[in-house]
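Take a look at the structure below.
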């Protein structure tokens with residue numbers, strides 16, 4: 001992460017409410033250890049290191065090729081070509097990671113905060129509801145409802161640079177494919193964010209400025225749905241029961257008793273929540289953000305949160321703890337408009353779910369969304385994109401592969417295919433092709449079952 | 001790719017019309033060199049190799065961490081944690097790549113072809129137009145037009161397993177983010193395919209069965225738009241001029257003179273084309289597919305194509321050459337319904353475009369789609385996901401980074417941000433926040449300019 005120095009385990013690619021271990025180092029090691037050396041020796045060191053890197057990378061790939069059938073070029077000339085590729089890849093990879101961008105200054109940018117003032121997300125907006133209402137009236141071609149359903153925009157994202165752990169990018173890809181499938185089938189738009197809008201709010205805090213930005217740029221959107229990159233839709237049929245939330249502005253998975261009785265730091269999970277596009281939400285974001293700025297502010301706030309919340313380890317302030325703290329300390333101000341949902345898994349903790357998929361397939365069916373067929377399986381603490389993780393990486397990767405294929409089977413069913421096993425990327429035919437394929441569309445198209453459940457227009 | 005043995009440079013992740021070099025080995029090295037050893041020694045070899053892999057992988061990461069500031073955990077205990085992660089990652093990575101799936105049989109699956117018969121994509125359908133018409137009449141809630149525009153489904157995809165070249169997955173991620181942005185802004189649905197529907201048609205032929213499958217499963221879709229994973233939308237404003245194609249069923253970028261006068265194997269490019277959902281298209285796919293089956297059929301067909309087409313190197317049959325051959329040898333049957341487009345870059349060869357982005361920004365504006373502001377920039381021959389490439393990998397990666405950011409700037413403009421440079425993943429503010437953000441929406445929302453250009457309904 002070079003200059004922005006935010007530790008890998010504090011990126012959006014991890015869960016909003018990860019369970020940090022004691023190996024956490026608060027914002028330490030900016031620019032890596034090399035950053036402490038004088039420029040000249042730094043360069044020297046860099047080049048020596050890159051040489052070693054290239055060698056090791058090359059050997060690694062060669063061995064992998066021989067071992068797992070990756071390679072197809074057997075000749076020595078091909079090996080030379082391959083070596084060439086490895087060397088160049090390592091170089092460009094290093095360059096991209098190292099932020100060596102001439103136009104990339106460390107001087108404060110426009111809009112950066114003044115460290116003495118309380119942090120704000122932007123100029124205070126007080127009349128958003130009326131501004132938005134006027135705009136909607138003036139722009140009937142952008143209604144806030146689609147087919148009678150409130151317009152939802154799903155926001156997810158990952159760091160702008162390659163993962164420290166290379167396989168992380170592969171699971172980010174599978175995660176977005178899973179979201180594309182769910183959102184296509186349910187008429188939900190997606191914004192995939194790879195930018196840090198505000199360097200002060202790097203890591204898991206980055207969602208706040210982006211949510212605000214989307215509300216102000218997409219007045220036609222009624223709900224912004226934040227979802228972590230390590231959360232997968234595992235019930236492709238399930239639909240958010242929006243009617244239930246008509247009188248609420250924030251919908252988040254959690255347990256009232258854990259929240260109010262125990263003040264637990266995991267009473268709510270910010271890995272997947274819906275926020276209505278309205279003035280109340282802008283106010284909530286303004287009240288939520290001040291603990292976010294990187295460095296001393298975030299570190300000090302972390303101590304307050306650890307002292308106040310049950311079970312919270314000592315580490316810098318995270319967005320989840322900050323929200324729980326806000327809702328507890330200003331209950332009367334906010335809770336009336338907060339819907340704490342636990343009738344279905346808007347967020348579902350992966351442990352205890354991923355090992356039960358076979359049982360679910362045997363006993364139940366998609367569309368339930370709860371423990372019988374979880375709507376969302378969230379890999380809290382796995383952080384496949386980071387160089388740090390709470391859980392055994394092997395267990396995480398296997399479980400994510402299982403969750404992806406469990407969901408993908410529900411999508412492939414329409415096309416007549418399914419995975420050969422929950423751990424297999426390969427698929428098999430589950431029914432024969434016919435000359436009257438539309439019978440299967442009528443039978444298996446998920447959107448038709450939805451349409452049938454709602455009044456025809 | 002283990003058992004399916006399709007060489008890396010023949011995957012969909014590469015361009016439909018890549019320019020292979022003489023290092024191509026026709027379908028050789030199935031399952032890697034290890035595949036020739038007896039099972040016992042194979043296992044032995046595998047474990048030894050994995051040990052070496054782990055060591056090298058570990059050293060590589062350690063060095064990388066020290067060099068490019070990836071690492072944030074400085075302590076030796078953290079190093080131990082890190083080593084643990086690397087080891088486990090390499091193990092699971094190897095496992096996922098190695099197809100070692102108990103349920104994964106090599107016995108012929110349902111629907112596999114009979115090697116003696118001519119290959120077919122599925123049971124012959126002859127009355128698709130009437131079947132589809134009846135269905136559309138019976139399902140008014142799924143119209144084939146949206147806001148007066150024909151419904152388009154964009155199909156893209158990548159191999160089911162991690163890339164041989166780890167950074168490849170990062171560029172697949174950026175590529176799908178780019179497609180999500182364009183398709184959200186233009187009301188186009190996306191299907192991201194990670195499955196090989198038909199093991200006979202692996203590699204660049206995989207698009208054929210998937211396109212057919214989507215036509216039969218999505219009767220409400222009027223156009224299926226195939227786009228390679230290494231092609232990026234670089235003009236986010238440009239819209240496909242569908243009205244121009246009312247009398248055509250296949251829209252593909254190319255040059256009639258190269259096609260008919262020179263019989264050039266690059267006269268058309270199958271990296272980005274539109275196919276209408278109709279009987280004609282099903283017939284075309286049936287006529288197009290027979291050269292595709294892996295092994296002797298594809299190899300022999302390659303010789304025919306190389307003999308027939310100008311400039312084609314000797315290698316197995318590819319989908320692009322096969323289409324050109326079909327349209328040339330059966331011109332009267334097909335060409336009447338084929339629109340060879342070159343008024344804008346439905347496919348734009350990256351060389352000669354990526355180095356001119358600064359000039360374009362200076363002189364022109366998005367929405368033109370041609371050489372002044374290319375609609376699509378296609379990284380033919382780069383194959384970032386494969387272990388093989390025609391071009392210097394460094395040049396490819398830098399160029400793809402530039403193309404992605406060039407396009408991303410057009411998306412970020414609405415939000416008031418832009419990249420610090422075409423090679424920088426970091427962004428900067430391009431205008432100050434205001435308390436009346438909707439003025440910017442009216443000014444910068446791409447969709448509004450579209451709406452204004454078409455009659456209000």
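Points to keep in mind about this one:
Quick grid of which residues meet (1) more than 20 Å from the chain's Cα centre (by Cα); (2) closer than 20 Å to residue A:205 by Cα; (3) crowded, with 20+ Cβ neighbours inside 10 Å:
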site	(1), (2), (3)
A:268	no, yes, yes
A:288	no, yes, yes
A:299	yes, yes, no
A:322	no, yes, yes
A:363	yes, no, no
A:374	no, no, yes
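- Scanning region B:187-203 for residues that are in a loop (DSSP other than H, G, I, E, B) and in contact with a helix residue (DSSP H, G or I) (Cβ under 8 Å, 6 or more places away or on another chain) turns up B:188, B:194, B:195, B:196, B:197, B:198, B:202.
- Residue under evaluation residue B:218, criteria (1) within 14 Å of chain A (Cβ to nearest Cβ); (2) over 23 Å from the mean Cα position of the chain (by Cα), criterion not met: (2)
- Meets criteria (buried (at least 23 other Cβ atoms within 10 Å of the Cβ) and under 21 Å from the mean Cα position of the chain (by Cα)) for residue A:419: no
- Test result for residue B:325, at pLDDT 95 or above and farther than 24 Å from residue B:286 by Cβ: no
- Residue within region B:326-339 that is within 14 Å of another protein chain (Cβ to nearest Cβ) and crowded, with 23+ Cβ neighbours inside 10 Å present: no
- Single condition residue A:339 does not satisfy, out of (1) under 26 Å from residue A:131 (Cα atoms); (2) part of a helix (DSSP H, G or I): (2)
- Number of the exception - residue A:128 against (1) surrounded by 20 or more Cβ atoms within 10 Å (Cβ to Cβ); (2) more than 7 Å from chain B (Cβ to nearest Cβ); (3) touching a helix residue (DSSP H, G or I) at 6+ places or on another chain (Cβ under 7 Å); (4) more than 15 Å from residue A:217 (Cα to Cα): (4)
- Lone unmet requirement of (1) surrounded by fewer than 24 Cβ atoms within 10 Å (Cβ to Cβ); (2) modelled with pLDDT under 95 for residue B:396: (1)
Conditions (1) in a helix (DSSP H, G or I); (2) modelled with pLDDT of 95 or more; (3) farther than 21 Å from residue A:121 by Cα, marked per residue:
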site: A:226; (1), (2), (3): no, yes, no
site: A:229; (1), (2), (3): no, yes, yes
site: A:238; (1), (2), (3): no, yes, yes
site: A:244; (1), (2), (3): yes, yes, yes
site: A:280; (1), (2), (3): yes, yes, no
site: A:286; (1), (2), (3): yes, yes, no
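- Residue count, region A:431-452 (criterion: modelled with pLDDT of 90 or more and more than 9 Å from chain B (Cβ to nearest Cβ)): 1
- Per-region count, region A:310-327, residues within 15 Å of residue A:260 (Cα to Cα) and part of a loop (DSSP other than H, G, I, E, B): 1
- The criterion of at least 2 residues that are without any contact (Cβ under 8 Å) to a residue 24 or more places away in the chain is met by the following strands (runs of 3 or more DSSP E) wholly inside region B:357-431: B:417-419, B:427-429.
- Enumeration of residues in region B:171-194 that are facing chain A (nearest Cβ under 7 Å) and more than 14 Å from the chain's Cα centre (by Cα): B:184, B:189
- When the criteria are applied in full, residue B:211 meets the requirement of being more than 11 Å from chain A (Cβ to nearest Cβ), touching a residue at least 60 places away in the same chain (Cβ under 8 Å) and within 21 Å of residue B:277 (Cα to Cα).
- Of the listed requirements (1) within 22 Å of residue B:346 (Cβ to Cβ); (2) touching a helix residue (DSSP H, G or I) at 6+ places or on another chain (Cβ under 9 Å); (3) buried (at least 23 other Cβ atoms within 10 Å of the Cβ), residue B:272 misses just one: (2).
- For region A:386-399, residues that are more than 10 Å from chain B (Cβ to nearest Cβ) and touching a helix residue (DSSP H, G or I) at 6+ places or on another chain (Cβ under 6 Å) total 1.
The values are calculated or read from the model by the stated rules, or taken from the named source; none is laboratory data. From a predicted model like this one, the values you see are computed outputs, not experimental measurements. Note that we place each Cβ from the backbone using ideal geometry, even for glycine, and neighbour counts take in every protein chain shown.
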